[in-house]
Amino acid sequence: MTRRVHGPQALRVAFTTAAVAAALFSGCSSVAPPRFHTLMPAPASVAPKVVGAGSLAWEVLPVAIPARVDQPQWVVRTADGSLAVLEQERWIAPLADEIRAAVAERLTQTLGASLPAAAAEPRNRWLVRIDVQRFESAPGREARLEATWTVRSESDAAATLTCRGEFVQPLALVGYQALALGHQQAVAQLGEAISGALKALSAGQAATCAG
């Protein structure tokens with residue numbers, strides 16, 4: 001049975017309904033847009049190249065990352081040890097692509113830009129493979145990257161080095177910008193370790209794991 005409301009009571013009901021709808025709309029529209037972060041360093045923080053034109057041909061292959069962090073939204077570890085997904089904090093590109101680009105940027109800064117493959121001597125063609133085991137984000141505490149990485153010559157199987165490194169940045173500041181910067185620094189340390197191995201291997205020297 002449908003109950004019809006007339007007169008002043010109908011006006012009050014209509015006004016109340018409109019007010020509730022407006023409040024809901026206002027609540028939805030007040031949600032802040034997502035903030036996007038990157039692992040690429042800001043231009044002002046990039047150190048000048050140690051060398052000019054590169055003398056090596058190298059390539060960073062697609063990076064493997066754990067499935068739990070393979071999403072645009074940040075996955076962070078809370079104070080009680082549980083994990084939380086932050087809808088408003090996101091990576092500007094897929095995390096695996098961000099790590100790959102940031103490591104390549106560090107190699108460019110330390111080794112010089114990669115030579116075209118056709119211009120390199122066979123022994124100077126190097127492949128870099130990175131397998132991330134942990135990418136932990138603990139706001140106000142630390143940014144942690146644990147990865148296995150391999151540098152190998154395309155033409156000489158003996159010229160290969162496989163390492164596992166832990167790169168941890170304690171965070172002095174609270175906030176998501178500080179956490180993003182911590183991850184930038186951890187990835188840069190990974191790039192430095194790979195760069196050192198590449199320099200040694202390409203020179204025919206014994207390379208050791210660092211990091």
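In what sequence, highest mean first, do 83-94, 137-148 appear when ranked by Cβ atoms within 10 angstrom?
The most tightly packed comes first, giving 137-148, 83-94.
Could you check how many percent of all C-alpha pairs in region 36-202 are farther apart than 30 Å?
Of the Cα pairs, 19 percent sit more than 30 Å apart.
So, counting K/R as plus one and D/E as minus one, what does the shell of residues with Cβ under 14 Å around Val103 add up to?
It works out to a net charge of -3.
The numbers here are math on the coordinates, done by the rules we state, and not lab data. Just so you know, these numbers come straight off a predicted model, no measurement behind them. Virtual Cβ from ideal backbone geometry, glycine too; neighbours counted across all protein chains shown.
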